[in-house]
Amino acid sequence: MSIATIFEIVLAAVVLGLGIWTIVVRETYSATVGYVAYGLLVALIWVRLDAIDVALTEAAIGGGLGGVLLLGAAARLRDSEPTVADAPGKAVRVCAAILSALTAAALAGAVLVLPDPAPTLAPAAASNAWATSLANPVTNVLMAFRAMDTMLEKVVLLLAIIGVWSLTPDSAWGGRPGPRHQADPHSVLVFLARLLPPIGIVVGIYIFWTGANHPGGAFQGGAILAAMWLLAIMAGLADTPPVRSRWLRLVLIAGPGLFLVVGLAGLLFGAAFLSYPPAQAKPLILGIEVAMILTIAATLGLLLAGAPERSARQ
Amino acid sequence: MSGVTVFGLCAAAAVGLGLYGLITNPQPLRKIIAFNLLGSGVFLLFGIVGRRGAAAGVGNDPVPQALVITGVVVAFSATALAIALLLRLFQATGSTTLSNGAPPGAGSTPSGG
Amino acid sequence: MTEFLTAAVGFILAMLALGLVSILRGPGDADRMMAAQLIGTGGIATLLLLGTVANLPAAIDVALTLALLATFASIAFVKKGLSSLEADGSASTETT
Amino acid sequence: MSRVPLLAHGTGDMVWLPIEESNMSGSSGTPDANAGVIAGGFWWSATSRAAWFVCLWLVLAGADPADIPAAAAAVAAATWTSLRLLEPRTARRSVRAIGQLVLLFLYHSVVAGADVARRALDPRLPLRPGFVAYPTRLSSGIRRNVFTTLTSLLPGTVPTGEENGQLVYHCLDVEQPMVAELAAEEAALVRALYND
Amino acid sequence: MSLLRDIITIVAVSAGAFFFLAGTVGLLRFPDTLTRLHALTKADNLGLGLVVLGLLPQAASLRDGFKLVSIWLLGLLAGATVSQLIARAARQGESAR
């Protein structure tokens, strides 16, 4: 057994231990903290699997933003721990344990008997990369070969934000999401919220831009930008925009809208829906991605902010 | 046993853990967390298969990678929607129990994905 | 060289795990808040070493993302922690 | 807990004018707080910050002419945000004193790490934890935040907030001469950045 | 030349790992929240700094070296500010009890 394998066993054990902690610990808040740690550490496994693009996404969206979303909910719901009577009985627990163990065992078996040169689409993706002149194969798949998925995923983001907003009470319709955060202007939190966002903006745009040729892309960059925006909001230096604002809605539909327009143009003038003419593929993809990073940053930030709670005049 | 296999077993265990938590934890927020854990395990399985299929100078098959990236974003959207529903329920009724006399923990998870 | 660096990664990771055990055990919220901070430093060190071992220069970018997002998570911890420790005051208050 | 006199570096008496912080005028003592100088200070500050962000971009992405559009967008957005979040101000800075501050800071962070390691690994666990109040002369706000951030890496101290205008530090060992060390750090900081 | 670089790397990374060890021992042994915070911020920051120092000779280019240093600086800024936030929360939690 080599040193590398021992390291991998340690990493898997740490991540699995955090997963167990997340499920079995009694207090919800502790479980949430465990999940944040889990999300941040899963990025290490992805790096080890040589999937840097996914590692970036998992660190930014899975661990960072997702963890913070759950953490905020846990803090708000803190006093509503259920009574013991709610918990399922022993029979249900045992059945659930057996079912879960069987599922896990089946999946583990599938992993163990995986054929060694597994079926792969990597050569196909690599041999068609010329069509877009982008060097990052993952971006190629996302933006060209499986562009339909990516477009529909933007629509899912849009639907999610519509779903969240539709939970607004009548009194706050069209208003601003979340409470107005107030912090002592001399506190360290505000100090950090003044220093960090500009750095985060440069890093976020860099991660986005480098995605054409190296690991990175609009999701990861957008998530970083959203985090910096929320940091300024949490420190009381900025406020969430009112939901009825026109420019906000424009930004929210810019990404999927432009994607759809380019797709339809491909249907009318080119070979198929969402086909790019090879000569203009790179500028078109970059244009869509610029619209997408704005949409993603705004949507992720607003999803974390939640349903509007205050009237727009506030 | 190669490193990929170790992570594969870890992913399978994460799926099992998530499933167990999803069924047995009475609190909706815990169910959401368990659901996310389950999803993360599934994504890792994709990563394992992609790693096995590494070829053509790429360390990991880009197609499963792209699917996982899409999946992470969709899972995040579903989680955000579920949490918004949960907070609204708490605001409206002052409690977060799903069971209103119904059998506890029966399949009605709020995680919309 | 590669073996040495891999061993160092495993060691730092094990230390990170032990630290997490100690932090997650509690007793208070303030202890748990340190989790993101611990992963911020330990995870970055692990990623940087891993990137050098596996010759993946892009791992540095993951470390950069982790540095920013772990800070963000820490602040979210503190923000929620404060709002649950103090009924009012500098924490988030709703003004209508 | 005596207040240690600040080391004056040839600029005569130290006068603390908190109003100076916000209106971005030049150094104290020269009557040039008119609109032109304010605008000049603003542009100088914007340019210097933009230069920092250009450096950050070059470190991250390298110098490639194809990157210019993204770099320009990133630098412009970052500079705009930075100017919005953190109002520009000027104070007399001394490059040499900044260098000394950086060296002092590096030295302190090494000593701090070694100090914690020694205490943690010592079987007797030599700790005498407690709180120490430190009366700082720095004005409340950014300056005090910079000071607490620097001193949070001093050996054995973590700032835990303010009480009655004094900074409250938690110390691993209350018998160490904390206040003198903090005063030395404050003097170095004032020499480097806030020598107005 | 290559040997010298490798020696620097081995020495610095070992020292960094030692400080991570010390930080974890401190976390496990120190009695209360605030003393543990000392262990976490000081020892781990120095450990990260030494790991970065050790990786500098292995960096492919000057730019990668600068990148490593800037990640360390970012970690330092985050650690120094976040530790104050946690310390404040811990002190208030103590006085509330």
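Listed values, structure above:
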{"quantity": "Among the candidates D:V168, D:V158, D:V146, residue that is facing another protein chain (nearest Cβ under 7 Å) and aliphatic (A, V, I, L, M)", "calculated": "D:V158"}
{"quantity": "Single residue of D:L121, D:L189, D:L153, D:L182 found to be facing chain E (nearest Cβ under 8 Å) and in contact (Cβ under 8 Å) with a residue 40 or more places away in the chain", "calculated": "D:L153"}
{"quantity": "Residue match in segment A:156-178 (condition: modelled with pLDDT under 75 and either more than 21 Å from the chain's Cα centre (by Cα) or not β-branched (V, I, T) (or both))", "calculated": "yes"}
{"quantity": "Members of segment A:136-156 found to be open to solvent by 10 Å² or more (accessible area, probe 1.4 Å) and either touching a Ser or Thr at 6+ places or on another chain (Cβ under 6 Å) or at the interface with chain B (Cβ under 9 Å from one of its Cβ atoms) (or both), listed by number", "calculated": "A:P137, A:L142, A:A144, A:F145, A:R146, A:D149, A:L152, A:V156"}
{"quantity": "Odd one out for B:Y20 among (1) facing another protein chain (nearest Cβ under 7 Å); (2) within 19 Å of A:G19 (Cα to Cα); (3) surrounded by fewer than 24 Cβ atoms within 10 Å (Cβ to Cβ)", "calculated": "(3)"}
{"quantity": "Helices (runs of 4 or more DSSP H) wholly inside segment A:8-77 containing at least 1 residues that are more than 7 Å from every other protein chain (Cβ to nearest Cβ)", "calculated": "A:28-48"}
{"quantity": "Complete set of residues in segment E:1-32 that are more than 14 Å from the chain's Cα centre (by Cα), more than 10 Å from chain D (Cβ to nearest Cβ) and open to solvent by 20 Å² or more (accessible area, probe 1.4 Å)", "calculated": "E:M1, E:S2, E:L3, E:L4, E:R5, E:D6, E:I7, E:I8, E:I10, E:V11"}
{"quantity": "Verdict on A:L159 being surrounded by fewer than 24 Cβ atoms within 10 Å (Cβ to Cβ) and either without any contact (Cβ under 8 Å) to a residue 24 or more places away in the chain or not assigned by TED's automatic domain parsing to the domain that holds A:I288 (or both)", "calculated": "yes"}
{"quantity": "Matching residues in segment A:204-217 - criterion: being more than 7 Å from chain D (Cβ to nearest Cβ) and either in a helix (DSSP H, G or I) or buried (at least 24 other Cβ atoms within 10 Å of the Cβ) (or both)", "calculated": "A:G204, A:I207, A:F208, A:G211, A:P215, A:G216, A:G217"}
{"quantity": "Qualifying position, being open to solvent by less than 80 Å² (accessible area, probe 1.4 Å) and outside any helix (DSSP H, G or I), among A:P123, A:P115, A:P119", "calculated": "A:P115"}
{"quantity": "Failed item, numbered, when B:G39 is tested on (1) at the interface with chain A (Cβ under 7 Å from one of its Cβ atoms); (2) under 19 Å from A:L71 (Cβ atoms); (3) not β-branched (V, I, T)", "calculated": "(1)"}
{"quantity": "Residue list for segment D:41-88, restricted to those being of a type in the set (S, T, Y) and within 10 Å of chain A (Cβ to nearest Cβ)", "calculated": "D:T79, D:T81, D:S82"}
{"quantity": "Subset of segment B:80-113 (residues that are closer than 19 Å to A:L158 by Cα and either among the β-branched types (V, I, T) or at pLDDT 85 or above (or both))", "calculated": "B:A80, B:L81, B:A82, B:I83, B:A84, B:L85"}
{"quantity": "Single residue of D:R137, D:R118, D:R96, D:R84 found to be open to solvent by 40 Å² or more (accessible area, probe 1.4 Å), over 22 Å from the mean Cα position of the chain (by Cα) and over 21 Å from E:V82 (Cα atoms)", "calculated": "D:R118"}
{"quantity": "Failed item in (1) under 11 Å from the mean Cα position of the chain (by Cα); (2) open to solvent by 50 Å² or more (accessible area, probe 1.4 Å), with E:A60 passing the rest", "calculated": "(1)"}
{"quantity": "Check on C:R25, over 16 Å from E:N45 (Cα atoms), within 7 Å of another protein chain (Cβ to nearest Cβ) and among the charged types (D, E, K, R)", "calculated": "no"}
{"quantity": "Enumeration of residues in segment D:112-146 that are part of a helix (DSSP H, G or I) and out of contact with any Gly (no Cβ under 9 Å at 6 or more places or on another chain)", "calculated": "D:A114, D:R118, D:I142, D:R143, D:R144, D:N145, D:V146"}
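The values are calculated or read from the model by the stated rules, or taken from the named source; none is laboratory data. All of these numbers come straight from a predicted model, not from anything done at the bench. No Cβ is skipped: glycine too gets one built from the backbone with ideal geometry, and neighbour counts run over all protein chains shown. We work out accessible area using only protein heavy atoms, side chains counted, and drop any ligands, DNA or RNA first. Shrake-Rupley method; radii C 1.70, N 1.55, O 1.52, S 1.80 Å.
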